[in-house]
């Protein structure tokens, strides 16, 4: 029942299983850390906005993103004017 070093075989197997569990948990943690966030899809958001499919809060979040990235100032003029209005009214923070 005892191995060459005087350790119970059952204890050896339990220690090996525990070590394997720790390695697996470490691997999963590494994989989770490397998962990239899905990129913000401006094109889909613009289509939703132009189609009138966004609610008030979504529009504010969308324009806050456009302001933060500076994209609202490079799109057609209505986006820049709307962004400026939302900033002036206190709904969005300036970049």
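Any read-out appearing in this document is the output of simple, stated calculations on the displayed coordinates, not a laboratory observation. Nothing here was measured: the structure is a model prediction, and the numbers come from that model. FYI the Cβ positions are ideal-geometry reconstructions off the backbone, even for glycines, and counts take in every protein chain you see.
Averaged over every viewing direction, what's the projected area of the C-alpha convex hull for the range 42-88? Give it in nm², one decimal, please.
3.0
Could you estimate the translational diffusion coefficient of the range 16-95 from the Stokes-Einstein equation, with Rh from the Kirkwood formula over C-alpha pairs, at 10 °C and 1.306 mPa s, in whole µm²/s?
Rounded to a whole number, D works out at 104 µm²/s.
What is the spin-label model distance, in nm, from residue 57 to residue 28 if the labels are put 7 Å beyond Cα along the C-beta direction?
So the label points at residue 57 and residue 28 sit 3.2 nm apart.
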